[in-house]
Amino acid sequence: MMGTGGVVVEMKGIVKRFPGVVANDHVDLDLRSGEIHALLGENGAGKTTLMNVLYGLYRADEGIITVNGRQVTLGSPKDAIDLGIGMIHQHFALIPPMSVTENIMLVSKSEGILTNPKQVEEAVSELCERYSLRVDPKARIWQLSVGEQQRVEIAKALYVGANILILDEPTAVLTPQETDQLFNTLRQMKKEGKALVFISHKLDEVLAISDRITVLRKGKVVSTVDASQTGKIELAKMMVGRDVVFRLSKATVQKGAEALRLEGVSALDDRGLQALKNVSFSMFEGEVLGVAGVAGNGQRQLAQVLTGMRKPTAGRIFIKGRGITSFTPADLLELNFGYIPEDRIDSGAILDLSVNDNLILKVYPSLTKGLFLDRSAVAKYAEGLIREFDVVTPSGDSPAKTLSGGNIQRLILARELSLEPRIIVASQPTRGLDVGATEDIRRKLLAERERGSAILLISEDLEEIMSLSDRIAVLYEGRIMGIVPADRAKIEEIGLMMAGTSVKSDEEAG
Amino acid sequence: MDLPFKVEKRPPAPLWLRVTAPIISVVAALAVCSAFILYAGVNPLYGYYHLFAGALGSTLGLSETFVRFCPLLFCGVAVALAFTAKFWNIGAEGQLYAGGLAATFFGVSFIGAPSALIIPLMFVSGFLGGALWAAIPALLKTKLKVDDVVTTLMGNWIIWYFTSYLLTGPWKNPVTVWPESPAIAPTAEFPILVPGTRIHLGIPVALFCAFIYFLIYARSSWGYELKAIGANPKASNLMGINVTRGLVTVAILSGGIAGLAGVSELGGIHHHMKTDLSFGFGYTGIVIAMLGGLHPIGVTAAAFLMSVISTGSQVMYRVTGVPYPISQVIEGMTLVCLLLGVFFTEYRIRRTRD
């Protein structure tokens, strides 16, 4: 193992209050050069807040920050960047219509008014090569998968000379292979003496990559430990404050009738390239069909086709034996589809509306008196859901944008699952959520399965796929590489299929 | 880059501050504009005294304020309604002319028809004229993704030049030979509600529209849909809300209400179609909608304030000689101050150490 160097950042007694909450309560943290330091904790534990303080997005109410031995005042990210601090947020700060190079040029400060795109492009290519970041500098951001966009963000930070890099839940959007790739990049950066902060709540990954781990709970530091001196069970207990069940028990459910069938469905992506190729499968009532795959292999387009957001170019979709080629979202409402979108901020909720108004989006026509919304009925309806699904919100009238990620997801689940959907399409349902919320949401999905709903679970989290699914389909470059029963599936086999090797599936064989 | 202060987000402002922010903003705007009045050689306090006394201090002044309130309220409501769904209707001005033209056609042709027939006909046709003029950009936006700001704005010029062509050509007044239409039928002229003033039928109709907007905005399920569409069209679509239909309908209603402004100016004031039927009421409507925070009560208050400034500035000009266009300066400055006011309810400036 590489020896770690001197302390580059020291945060002492950091206090950050928000109205009604203390997000950071006298937090101490130090970062050393050449180390990967994991910040572990549930959502709302204050990990991101602490790092936003270090990145100059928030100003601490109390406490001292020292960077390279000098006490600093960080008033804005620019101050942080000038000190060599970079941060990769969960929501990327990229401009979709611009190319990778153009996005990186935006933050470069060394050049004068006239920048030479060619030069920047070369520099970016070089950088990407050195840290094995696979990105085409000429591609436009909107054409890239989430994983690729993350690489652009890393390249951007490196380009402006970050020596201290904060990654907020970086693996939440990645597949095992992409995660491995990211880890290679991180190890290379560590070797060059950079200090890395890795925010996560995935215990296995934290243990695999970090040198030291600081666990936060409810704004306070529980402990800072050496990764080699601890284990999964101990960390989970520190994080949650109680013992955690890692394996959910799955009830035996009799597979029901066919709920939906895709036959030879093909679709294009936004670039006009073939994203789904001749996809066929069936979904049954009382069954979770997991769709595994590396990011950007057609998962998004598959969910879009199934939710009427994208028209297939070929093939047919059968619902209860009735064949259609495409449907509108209004049809789906009628067919009682539940949809938990990958992009919960943009598609799942309307953040400027209140929590109540979000909860009634699919049912408000039934909560009216004549032309008017029956506000008391709305409040009553929403209150029931907030309680049933444990949505933590100051009140039903608070804007949805004030909720944490986990609670926005609970809100979406409350809205969708309360309608007892016949078919559920769940895209990355627990991405970016903490252990508690993840467990909660997985339990809710399994409960839907027991109720007899047909569930399509699209996830890049293999562990999630393995533990929830009855059958697993693997998407690679828009094709289904095979469908295997989960109880007989081997993770190596699935990994091979995810990488494009066709494995003869049991169904084809039998 | 090392400024001695930093701008940062503040905790949500208390309610009293959010309510008083617009009032403070108006006062601030008047304070800034006093510099222009000083430049015109007049004591600002003296000028403002005549502005407010002129607009509010006499029966005649107050009635004229209400006369101006009428088109401004129509246009403010029209724009606010559209902006709620983020249909960027910059074209209330043009829709006003479209409404005026349609109403003129019936007002001039139906000589001899009773008021009870012809006035409702003018309102309906004016509404449809404005609605049509707004529906075109809405369809272009929803079907072909053409930018609504550009199309509604350009629509203003198209309809204005078309009006100008009609009034100097086929619709020219044969009696006066001025660029105006013949007079509408005497029965088409709006009844005066307060004798001795120009307060006409259009004013209660405008207030009625504001009330309808209140019901839509604050109570109706359709208003809820519009807010959802405005806040996130993509998610709204996923929830099964018909975004295209919502946007086209809101455009029709918005344009129709702006059209009623044209009908009211025609039937209540001018009685001829003219190329200066509007003094930029449609554009002031944008200021009013923003100033009122798109809320029906705020929009009504803002429309009244703008009417006071507009009417009062004329009095200020006559008495003190401060040029009339100062009213537009005050208008613009009020909007700037308000946007700043809103900014400070969300952000604060803090001195940095060292």
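Since every read-out is calculated from the coordinates, none of them should be taken as a lab result. All figures in this text were calculated on a predicted structure; none of them were measured in a lab. We place every Cβ from the backbone using ideal geometry, glycine too, and count neighbours over all the protein chains shown.
Taking the Cα centre of the protein assembly as shown as origin and assigning +1 to Lys and Arg Cβ atoms and -1 to Asp and Glu Cβ atoms, the resulting dipole is close to 1040 debye.
In a reduced charge model with +1 at each Lys and Arg Cβ and -1 at each Asp and Glu Cβ, chain A shows a dipole moment near 480 debye about its Cα centre. From the square roots a ≥ b ≥ c of the eigenvalues of the alpha-carbon gyration tensor of the stretch A:258-509, which class results: rounded (a/c under 1.5), prolate (a/b over b/c), or oblate? Note, shape of the stretch A:258-509 comes out prolate.
Applied to the stretch B:171-178, the Karplus parametrisation 6.51 cos²θ - 1.76 cosθ + 1.60 on θ = phi - 60° returns per-residue 3J(HN,Hα) values of 9, 4, 5, x, 7, 8, 6, 8 Hz, with x for Gly and Pro. Shielding by partners for peptide A:324-332, expressed as the average number of C-beta atoms from other protein chains within 10 Å of each residue's C-beta, is 2.
When you restrict to C-alpha pairs under 8 Å that are six or more residues apart and normalise by the size of the stretch A:395-474, the relative contact order lands at 32 percent.
Are any of the pairs A:K255/A:K444; A:K444/B:K234; A:K362/B:K143; A:K78/A:K156; A:K12/A:K202 more than 20 Å apart by Cα-Cα distance, and if so, which? Check vs 20 Å cut-off fails for A:K444/B:K234; A:K362/B:K143; A:K12/A:K202. Each label point was placed 7 Å from the Cα along the Cα-to-Cβ direction; for A:A93 and B:K86 their separation is 2.2 nm.
In the stretch B:81-296, Rg over Rh equals 1.01, where Rg is the alpha-carbon radius of gyration and Rh the Kirkwood radius from pairwise Cα distances.
Per-residue shielding of B:227-237, expressed as the average number of other chain Cβ atoms within 10 Å of the residue Cβ, stands at 6. Size check on the stretch B:1-135: the Cα extents along the three principal axes, sorted descending, read 71, 39, 29 Å.
Shown for B:K141, A:K12, A:K202: other C-beta atoms within 10 Å of each C-beta, ranked fewest to most, produce the order A:K12, A:K202, B:K141. Structural descriptor for chain B: relative contact order 37 percent, calculated from alpha carbon pairs under 8 angstrom and at least 6 residues apart.
Computed from Cα positions, the angle between helix A:176-191 and the longest principal axis of chain A comes to roughly 0 degrees. Three principal axis extents of the stretch A:95-161 based on alpha-carbon atoms, in descending order, are 32, 26, 17 Å. Computed from the C-beta positions of B:L117 and B:V7 and an R0 of 51 Å, the FRET efficiency is 0.25 to the nearest 0.05. This model, with +1 at the C-beta of Lys and Arg and -1 at the C-beta of Asp and Glu, gives the stretch A:258-509 a dipole about its Cα centre of some 640 debye. Placing R0 at 45 angstrom, the Cβ-Cβ distance between B:A218 and B:Y46 gives a FRET efficiency of 0.60 after rounding to 0.05.
Go ahead and run the numbers for FRET between B:W178 and A:R387, Cβ-Cβ distance against an R0 of 60 Å, rounding to 0.05. That gives a FRET efficiency of 0.25. Spherically averaged projected area of the convex hull of Cα atoms, the stretch A:1-98: 8.2 nm². Helix A:146-159 and the longest principal axis of the Cα set of chain A meet at an angle near 10°. Of all DSSP beta bridges confined to the protein assembly as shown, the antiparallel ones make up roughly 60%. Along its three principal directions, the equivalent ellipsoid of chain A from the Cα gyration tensor extends over semi-axes of 38, 28, 23 Å, largest first.
Each of B:A289, B:M273, A:Q254 was scored by the projection of its Cα onto the charge dipole of the protein assembly as shown, and the greatest displacement toward the positive side belongs to B:M273; charges sit on the C-beta of Lys, Arg, Asp and Glu.
Along the axis of the charge dipole computed for the protein assembly as shown (Cβ charges of +1 for Lys and Arg, -1 for Asp and Glu, origin at the Cα centre), the listed residues A:I81, B:F110, B:N232 are led at the positive end by B:F110. Candidates A:L50, B:G298, B:P179 compared by Cα position along the dipole of the protein assembly as shown: farthest toward the positive end lies B:P179, with charges placed on Cβ. Taking every Cα-Cα distance in the protein assembly as shown and sorting them into 20 Å bins starting at zero, the pair-distance distribution P(r) comes out as 13, 37, 33, 15, 2, 0 percent. Please work out the Kirkwood hydrodynamic radius for the stretch A:342-386, using every pair of different C-alpha atoms, and report it in angstroms with one decimal place. Hydrodynamic radius (Kirkwood, Cα pairs) of the stretch A:342-386 is 11.2 Å.
Each Cα pair under 8 Å and six or more residues apart adds its separation to the average, and for chain A the resulting relative contact order is 15 percent. Listing B:H200, A:H201 from fewest to most neighbouring C-beta atoms within 10 Å gives B:H200, A:H201. Taking the stretch A:176-198 and a reference point 7 angstrom along Cα→Cβ of A:N68, the backbone N atoms nearer than 20 Å belong to A:189-197.
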